[in-house]
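Visitor: Questions regarding the structure given below will be posed in turn.
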Amino acid sequence: MAVSYKELGLVNTREMFANAMKGGYAVPAYNFNNLEQLQAITQACAETKSPVIIQVSKGARSYANATMLRYMALGAVQYSKELGANIPMALHLDHGDSYELCVDCINSGFSSVMIDGSHLPFKENIALTKKVVDFAHQHDVTVEGELGVLAGIEDEVSSEHSHYTDPQEVEEFVKSTGVDSLAISIGTSHGAYKFKVKPGESVPPLRFDILEEVERRLPGFPIVLHGASSVLTEYVELINQYGGKLENAVGIPEDQLRRAAKSAVCKINVDSDGRLVFTAKVRETFALEPKEFDPRKYLGPARKELVKMYKSKNESVMGSADKA
Ligand code: G3H
Ligand code: 13P
Ligand code: ZN
């Protein structure tokens, strides 16, 4: 039986993005797969009074189970209230790869979906995105589309090379599809290995010129940045200190994301940073407490560190703290 996100206490992204646009900040979109990640996101956003988009990929949805997810989202909304916060929360499908998946998510409590047709020819991307929008809007669910390709792995969609969004395409795409937000490619990339830089070299700056041209062509329209983890050095080092082997892991500098968040970028996606924090603390506990085998004793410290990292992102990168 179909369930509406409204019954779960969730909201779509429309008002969130309107407020973010006016306020010059970005709503954090944090990926999760399990209980501890969702607890940490909820606690961090409740304590910093930040609106939040909790998002799951197709892979995460099949890992966690669709029914479990629905009740986890309901639980997250209730938990944030217990923590004394009334923060807007959206449940979003990240990188939806088909109309059928988007429909299934909408029927099982998602308030927002992404249809990622970025790998398709322009006209096919428009047709697929429009089909999803037509269904989603009947249910007051918001839709994110994408133009331009990010390097890295996007669930089922993987690409070795990026190509930047062509600003000349954005008006036709938005007008013909009716999408509510648009993900663009300006130099971010998925995963923990975003750039190949030699020692002493800095990472190439994001293409703010493309972003500005998109903003000029779509005034007041919400833009989304994927692949926006900073790949925080302290956690990469901790992973390597305790037996990991992450070589040349590099992310997007926080000051560049802060600059983007002040523009029409209303949603910033972060998955890899959460994975790195989690892995670093689990590895540390295993190394320092080799006799420990109670999952709460190694997942607990990982969850605690995640809360710290998400709070810091809301405060210093997204600018979303105290905006709920
Ligand atoms: O953009 C991709 C997200 O980080 C999700 O990754 O498909 O491995 O869950 P995943
Ligand atoms: P990162 O891999 O940089 O965290 O990007 C996540 C993302 O874009 C999810 O859609
Ligand atoms: Zn992404």
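Visitor: Would you call Val56 within 25 Å of Asn19 (Cα to Cα), within 14 Å of ligand 1 (Cβ to nearest atom), free of Cβ contacts under 8 Å to residues at least 60 places away in the same chain and buried (at least 21 other Cβ atoms within 10 Å of the Cβ)?
Guide: So Val56 fits the description; yes.
Visitor: Restricting the search to the stretch 251-266, which residues are more than 16 Å from ligand 3 (Cβ to nearest atom), out of contact with any strand residue (DSSP E or B) (no Cβ under 6 Å at 6 or more places or on another chain) and outside any helix (DSSP H, G or I)?
Guide: Pro253, Lys262, Ser263
Visitor: Confirm whether Tyr79 is open to solvent by 30 Å² or more (accessible area, probe 1.4 Å) and either over 26 Å from Ala20 (Cβ atoms) or touching a strand residue (DSSP E or B) at 6+ places or on another chain (Cβ under 8 Å) (or both).
Guide: Details: open to solvent by 30 Å² or more (accessible area, probe 1.4 Å): yes; either over 26 Å from Ala20 (Cβ atoms) or touching a strand residue (DSSP E or B) at 6+ places or on another chain (Cβ under 8 Å) (or both): no.
No, not satisfied.
Visitor: Let me ask another. Looking at the stretch 74-102, I want the residues that are acidic (Asp, Glu) and have a partner that is in a helix (DSSP H, G or I) with Cβ atoms under 7 Å, at least 6 apart or on another chain. Which pairs are those?
Guide: Asp97/Lys58
Visitor: Where in the stretch 11-101 are there strands (runs of 3 or more DSSP E), lying fully within it, with 1 or more residues that are in contact with a His (Cβ under 6 Å, 6 or more places away or on another chain) and not hydrophobic (A, V, I, L, M, F, W, C)? Break it down into steps so the answer makes sense when it comes.
Guide: On the way: elements: 27-31, 52-57, 89-96.
The strands (runs of 3 or more DSSP E) meeting that bar are 52-57.
Visitor: Identify the residue in the stretch 267-323 that is of a type in the set (Asp, Glu) and either part of a helix (DSSP H, G or I) or crowded, with 21+ Cβ neighbours inside 10 Å (or both) and, among all such residues, is nearest to ligand 3 (Cβ to nearest atom). Spell out the reasoning first.
Guide: Keep residues of the stretch 267-323 that are of a type in the set (Asp, Glu), which gives 271, 273, 284, 289, 292, 294, 305, 315, 322.
Next, from what is left, pick out any that are either part of a helix (DSSP H, G or I) or crowded, with 21+ Cβ neighbours inside 10 Å (or both): 271, 273, 284, 305, 315.
On the way: Asp271: 7, Asp273: 13, Glu284: 28, Glu305: 23, Glu315: 23 Å.
Applying the filter and picking the extreme gives Asp271.
Visitor: Does Asn248 satisfy being away from ligand 3 (no atom under 16 Å from the Cβ), open to solvent by 40 Å² or more (accessible area, probe 1.4 Å) and touching a Phe, Trp or Tyr at 6+ places or on another chain (Cβ under 7 Å)?
Guide: yes
Visitor: Among (1) more than 13 Å from ligand 2 (Cβ to nearest atom); (2) under 20 Å from Gln241 (Cβ atoms), where does Leu276 come up short?
Guide: Every condition holds for Leu276 apart from (1).
Visitor: Just checking, does the stretch 173-185 include any residue being over 20 Å from Cys266 (Cβ atoms) and either in a helix (DSSP H, G or I) or more than 16 Å from ligand 1 (Cβ to nearest atom) (or both)?
Guide: yes
Visitor: What are the residue pairs meeting all of these: first residue in the stretch 114-127, first residue farther than 15 Å from Val103 by Cα, second residue open to solvent by 10 Å² or more (accessible area, probe 1.4 Å) and more than 16 Å from ligand 2 (Cβ to nearest atom), Cβ atoms under 7 Å, and 6 or more apart or on different chains?
Guide: What qualifies is Gly117/Glu124; Gly117/Leu128; Leu120/Leu128; Phe122/Glu169; Ile126/Ser176.
Visitor: If you check Phe110, Phe135, which single one turns out to be more than 26 Å from Gln168 (Cβ to Cβ), not basic (Lys, Arg) and not in a loop (DSSP other than H, G, I, E, B)? Break it down stepwise before answering.
Guide: Working: Phe110 fails: not in a loop (DSSP other than H, G, I, E, B).
Being more than 26 Å from Gln168 (Cβ to Cβ), not basic (Lys, Arg) and not in a loop (DSSP other than H, G, I, E, B) holds for just one of Phe110, Phe135, which is Phe135.
Visitor: Any idea which of (1) over 27 Å from Gln168 (Cα atoms); (2) assigned to a helix (DSSP H, G or I); (3) open to solvent by 70 Å² or more (accessible area, probe 1.4 Å); (4) not basic (Lys, Arg) is the one Gly200 doesn't satisfy?
Guide: The one condition Gly200 does not meet is (2).
Visitor: Still on this structure: Quick one: Arg259 ticks every box in (1) within 19 Å of Ala29 (Cα to Cα); (2) more than 16 Å from ligand 2 (Cβ to nearest atom); (3) open to solvent by 10 Å² or more (accessible area, probe 1.4 Å); (4) in contact (Cβ under 8 Å) with a residue 60 or more places away in the chain bar one, so which box is it?
Guide: Answer for Arg259: the failing condition is (4).
The values are calculated or read from the model by the stated rules, or taken from the named source; none is laboratory data. Worth saying up front: this structure is predicted, and the values here are computed from it rather than measured. As a convention, Cβ positions derive from the backbone with ideal geometry for all residues, glycine included, and neighbour counts pool all protein chains shown. In case anyone asks, the SASA skips ligands and DNA or RNA and just uses the protein heavy atoms, side chains included. Shrake-Rupley method; radii C 1.70, N 1.55, O 1.52, S 1.80 Å.
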